[in-house]
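The values are calculated or read from the model by the stated rules, or taken from the named source; none is laboratory data. Treat the numbers as computed from the prediction; the structure is a model and nothing was measured. Neighbour counts are summed over all protein chains in view; Cβ atoms, including those assigned to glycine, are modelled from backbone coordinates with ideal geometry. Surface areas here come from the heavy atoms of the whole protein model, side chains and all, with no ligands, DNA or RNA. Shrake-Rupley method; radii C 1.70, N 1.55, O 1.52, S 1.80 Å.
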Amino acid sequence: MPRPDRRENDQIRALHSILGLLNRVDGSAQFSAGSTSVYCGVYGPVDVKVYDEKLDRAVIEVKFRPAAGVSGTKDRWVESAVRGTFEREILAQMHPRTLIQINIQAREDDGSADAAAINATTMALVDAGVPLRDMVAAASCAVLADGAAVVDPTLEEAAAAQSVHTFAFAGSDIGRAGSGGASGSTSPVYVDSRGDFSVADYDRCYDLCLRSAQRVLAFMRTAIEGKIAKESQISVV
Amino acid sequence: MVVEIEPSNIEREFLLEALEKGIRVDGRGIYDYRTLKITCSPTYGLVEVQLGQTRVLARVTCEVTRPFPDRPTEGLVQFNADLSNLAAPGLDSSSGKPSVQEVAVSRMIERVIRQSRAIDTEALCILAGEKVWSVRLDLHFLDHSGNLIDAASIASIAALRHFRRPDVTIDGEEAIIHDVNERNPVPLSIHHTPICVTFGFFGSNGDLMLVDPNLLEEQVQVSSFTITLNSHREICALSKAGGVPLAPSLIQRCTQIALTKVDDINDKIQEALMA
Amino acid sequence: MAETKVVLPGDIIDTSLDSDEEESSVLRLGPGVAQIDEQVSAVAAGVLHSDNEKKQWWVVSNKRRYVPAEGEPVVGVVVARHGEGYRVDIGSAQGALLPLLAFEGATKRNKPNLAVGTVVYARVAVANSVMDPEIECYNSHTGKSEGYGELAGGFMFKCSLGLARRLIDSKAPVLNALGSGIPFEVAVGLNGRVWINTEAPATTVLIANAIKNSEFLDAKQCRQMVKELLEKQ
């Protein structure tokens, strides 16, 4: 069955990003996959209220706002997903008694917005210079009514699917899996699966998402390296 | 929590000293707007406006709903403004209640568009007493570098003009709402386009004036005044909330200046919509 | 100096040494580099620098949020006064403490009295991850002010940390080009704040904007930009 936008089953939409576009926050990024687009702005490390502070590490806070309408419980889920993922990846011990605040604003949601939110957050944290153990790249996959597994589903595809899965992987894990390691042994840093699915469905989606995450990571690397190369060409004399 | 820091004494004093000589800290003239960039997305109703470094995203959506019982032939228009920590430090309240600034901007835009009857709500009627369109305008502030109101009014008007709703055919007692892929969606019926122009005042009598205050200017000003005009040169709203009292002649001067600015801005909106 | 390349967080850094040194030599990991489990990896995105002789590794990256480091000059704004000192905003997570006597020649009877909102040029005296930072408006080793202290008049603006580092270099192209045409005073804080003072507000605005515009220009472009600005005067 051809997909409505004629993509292959394992093909993600065109990726686009802008780094450092916002002026008041410490770091920012806009990440888009097709028409799904998300902004992320990061402050950190900044001051934290005394009763919230942790003596040995930074507190990580995430706020997510949807593209249209008032924010609700679905958005709290995205917030906890992003916080859970990055609580491990941010080297919070380097900045005790501070706050790292991640603000995400969805611009447009045409499916796979949670993966886009995670990818935008990675890029914004890098832009802000928050110390990270690793990069994080995310991708989604849907199992359709006819059993086909399609990557980076649109809103329409996700609504009609039997199950939808989002995986996020750490950069070095993706690298290791890519160079021939057993794919089943790479644990994702985040998984969210919903709907009716079998273990085989899950495994298929896992493989597809891991390969898509590889492409997302390569894209992020190119974007960030490009910005740094441009900045470092400025010579002192 | 992330907090906003007040300007230092040096910044305040220099701003006033320079303004007395007609100079602004970013090199603009006192009647100059910052660079205005309006981007209309391929998605109808989604517009991003950059006024200098202030950035706001406006999004218009619609759905079918029941009208109010006392106004059976009128559609609904709803507003929501989001001014969060993304735009500037210190704006999120821990209790989840909207901040003072968020409410102020939201109310201003609502006044400017709803009370000036910019949108033809009768044209939003599908079946009297049963079905009407409810149009929703969401404003998301992405970057607060001064003068949110003007940026928001430009984004709102551009988004409303950019938006297309599904076409409807009335067949006796039934209404058929056409899918946007079957029949081209249609624009909203807009009576007029109100645009806000904000002025900042400085000095002990408020006699130093400038247009489109940036962040530092907004933090230092002693009074602020917003006039809303449309392309027919009509005043839709005047707003001066608190601050140092201003002479009526000053208000007159502001109105004259605002007239030219609104023309420029409407031209830019038109250009962006055509692109 | 060894090779330079762009790294991203998570990239493993090869710290194997060229010569046959003992395995147990000490490696010094600077900003942007950390030991994670058994590996040395980059934790920030930027250009990786290394000094094989001193066995040092570090990443140069541009940021906006300042993390205080001892010895660095900073431009701060007084936000409060306590019994023992002033609380000064230097753009870091916690405000810095400036002791009342941390000025040249200050005694209990004769010390500066700074109002809230005063701008100071100071040196970071204490900075670590577990304490609030402390600054001083003189060199505590020599007792001399060495240019630190209250900054009066002029104008202050913010810039990125990378631009501040470039400006503090005595060979900074934009400052040298401007200086050859206009007399001005400047104090650069490595916390991304710059103070300038000239005779006329118009000149101050010109210089402030020239410095801000020089962020993405290389040396030659800086000189060209300044030349055009001065000609328009």
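Considering chain B as a Gaussian network with a 10 Å cut-off on Cα pairs, which listed residue, B:Ile149, B:Ile177, B:Ile38, attains the greatest mean-square fluctuation?
Looking only at B:Ile149, B:Ile177, B:Ile38, the largest GNM fluctuation is found for B:Ile177.
So how far apart, in nm, are the two label points at C:His82 and A:Trp77 if each is 7 Å from Cα heading toward Cβ?
Placing both labels 7 Å beyond Cα along the Cβ direction yields 4.6 nm.
In the stretch A:1-63, which trypsin sites (Lys or Arg not before Pro) fall in coil by DSSP and have 10 or fewer other Cβ atoms within 10 Å?
Loop-located and lightly packed - A:Arg6, A:Lys49.
Between A:Ala33, A:Ala148, A:Ala81, find the one with the highest GNM mean-square fluctuation for chain A; connect C-alpha pairs within less than 10 Å.
With Cα springs under 10 Å in chain A, the top fluctuation among A:Ala33, A:Ala148, A:Ala81 is at A:Ala148.
What Cys residues in chain A are without a partner cysteine, judged by a Cβ distance under 4.7 Å?
A:Cys40, A:Cys209
Within chain B, which is the longest segment containing none of the GluC sites (Glu not before Pro) that sit in a DSSP loop and have at most 14 other Cβ atoms within 10 Å?
Answer from the scan: B:5-129.
Would you kindly calculate the mean projected area, averaged across all directions, of the convex hull enclosing the Cα atoms of chain B, in square nanometres?
16.6
Pulled fully out, how much extra length does the chain show between C:Asn139 and C:Ala152, if you take 0.36 nm times their separation in residues and subtract their Cα-Cα distance?
2.7 nm
Contact order normalised by length for chain A, with contacts defined as Cα pairs under 8 Å and 6 or more residues apart; what percent is it?
20
For the pairing of chain B with chain C, what total accessible surface becomes buried, with a 1.4 angstrom probe, in square angstrom to the nearest 100?
Answer for the B-C pair: about 1300 Å² buried.
Calculate the FRET efficiency for B:Asp70 and A:Gln162 from the Cβ-Cβ distance with a Förster distance of 51 Å, rounded to the nearest 0.05.
Taking R0 as 51 Å, the efficiency between B:Asp70 and A:Gln162 is 0.65.
Roughly how crowded by other chains is peptide B:220-227, in terms of the mean Cβ count from those chains within 10 Å of each of its Cβ atoms?
Partner-chain Cβ atoms within 10 Å, mean over residues of B:220-227: 0.
Kirkwood hydrodynamic radius, chain A, all distinct C-alpha pairs: what's the number in Å?
18.3
For the stretch C:191-206, state which residues have at least 20 Å² less accessible area in the presence of all protein chains than in their chain by itself, taking the probe as 1.4 Å and leaving out ligands, DNA and RNA.
Residues of the stretch C:191-206 that lose at least 20 Å² of accessible area once the other chains are added: C:Pro201, C:Ala202, C:Val205.
Between C:Lys220 and C:Glu104, how many nm apart are label points set 7 Å from Cα along the C-beta direction?
In this crude spin-label approximation the distance works out to 4.2 nm.
Let's test the formula: R0 of 56 Å, r as the Cβ-Cβ distance of C:Val26 and A:Asp146. What FRET efficiency results, to the nearest 0.05?
Efficiency, rounded to the nearest 0.05: 0.35.
Just want to confirm a number: the relative contact order over the stretch C:73-150, from Cα pairs under 8 angstrom separated by 6+ residues, in percent.
30
Nearest 100 Å², what total accessible surface is buried between chain A and chain B (probe 1.4 Å)?
Chain pair A/B: roughly 2400 Å² of buried accessible area.
How about B:Lys21: which aspartates and glutamates have a C-alpha closer than 20 Å to its C-alpha, ignoring those fewer than 8 places off in the same chain?
Filter leaves B:Glu11, B:Glu13, B:Asp32, B:Asp207, B:Asp212, B:Glu217, B:Glu218, C:Glu199.
Just give the residues from the stretch A:86-118 buried by at least 50 square angstrom of accessible area in the all-chains context relative to the isolated chain, probe 1.4 Å, and say none if nothing qualifies.
A:Arg97, A:Gln105, A:Arg107, A:Glu108
Among A:Ala128, A:Ala68, A:Ala223, whose mean-square fluctuation peaks in a Gaussian network model of chain A (Cα, cutoff 10 Å)?
Maximum fluctuation in the GNM of chain A, among the listed residues, is at A:Ala68.
Tell me the label-point distance for the pair B:Ser189, A:Asp5, using the 7 Å Cα-to-Cβ offset, in nm and rounded to one decimal.
Result for the modelled spin labels: 3.6 nm.
Let a ≥ b ≥ c be the square roots of the eigenvalues of the Cα gyration tensor of the protein assembly as shown; is it rounded (a/c under 1.5), or, if not, prolate (a/b larger than b/c) or oblate?
oblate
Before anything else, pin down the relative contact order of chain B: Cα pairs under 8 Å, at least 6 apart, normalised by residue count, whole percent.
20
Under 20 Å between alpha carbons, and skipping anything fewer than 8 positions from C:Lys111 in its own chain: which lysines qualify?
C:Lys144
Given a Förster distance of 56 Å, report the FRET efficiency between B:Leu273 and A:Glu87 from their Cβ-Cβ distance, rounded to the nearest 0.05.
0.80
Which stretch or stretches of the stretch A:147-170 have amide N atoms under 11 Å from the point lying 7 Å from B:Asn181's Cα along the Cα→Cβ direction?
Zone members listed by number: A:156-157.
Considering only protein heavy atoms, what per residue accessible area in square angstrom results for the protein assembly as shown with a 1.4 angstrom probe?
With the other protein chains kept in place, the protein assembly as shown gives 44 Å² per residue.
Taking the inverse of the average 1/r across all pairs of different Cα atoms in the stretch B:145-265, what Kirkwood radius in Å do you get?
Result for the stretch B:145-265 stands at 16.7 Å.
Give me the percent of the accessible area of chain A that comes from carbon and sulfur atoms, probe 1.4 Å, all protein chains in place.
53
What are the extents of the Cα atoms of the stretch C:73-150 along their three principal axes, in Å, largest first?
31, 25, 19
Summarise the accessible area of chain C (1.4 Å probe, protein heavy atoms) by the percent that is carbon and sulfur.
Answer for chain C is 47 percent, counting heavy atoms of protein chains only.
From the convex hull of the Cα coordinates of the stretch B:1-128, what is the mean projected area in square nanometres?
11.9
What shape does the stretch C:155-232 have by the C-alpha gyration tensor, where a ≥ b ≥ c are the square roots of the eigenvalues, rounded means a/c under 1.5, and otherwise prolate means a/b greater than b/c and oblate the rest?
Since a/c reaches 1.5 but b/c is at least a/b, the shape of the stretch C:155-232 is classed as oblate.
Taking every DSSP beta bridge with both residues inside the stretch A:1-148, roughly what % is antiparallel (nearest 5)?
Roughly 75 percent of the DSSP beta bridges within the stretch A:1-148 come out antiparallel.
What lysines does C:Lys220 reach when the alpha-carbon gap must be under 29 Å and sequence neighbours fewer than 8 apart in one chain are set aside?
Straight-distance partners of C:Lys220: A:Lys227, A:Lys230, C:Lys5, C:Lys63, C:Lys158, C:Lys171, C:Lys212, C:Lys232.
Give a quick list of GluC sites (Glu not before Pro) in the stretch C:78-159 that DSSP marks as loop, anything other than H, G, I, E or B, with at most 11 other Cβ atoms within 10 Å.
Passing sites in the stretch C:78-159 are C:Glu84.
Using only protein heavy atoms and a 1.4 angstrom probe, determine the accessible area buried between A and C, summed over both sides, in Å² to the nearest 100.
About 2900 Å² of accessible surface is lost on pairing.
Ignoring ligands, DNA and RNA, please state the percent of accessible area on the stretch B:132-275 from carbon and sulfur, probe 1.4 Å.
Carbon and sulfur atoms account for 49 percent of the accessible area of the stretch B:132-275.
Would you mind computing Rg(Cα) / (2.2 N^0.38 Å) for the stretch C:84-233, counting N as its residues?
Here the Cα radius of gyration is 1.15 times the empirical estimate.
Scan the stretch C:30-74 for trypsin sites (Lys or Arg not before Pro) in coil per DSSP, keeping those whose Cβ has at most 12 other Cβ atoms within 10 Å, and list them by number.
C:Lys54
What number comes out for the charge environment of B:Leu188, summing +1 per Lys or Arg and -1 per Asp or Glu over other residues with Cβ under 10 Å away?
Every neighbour counted, the sum reads +2.
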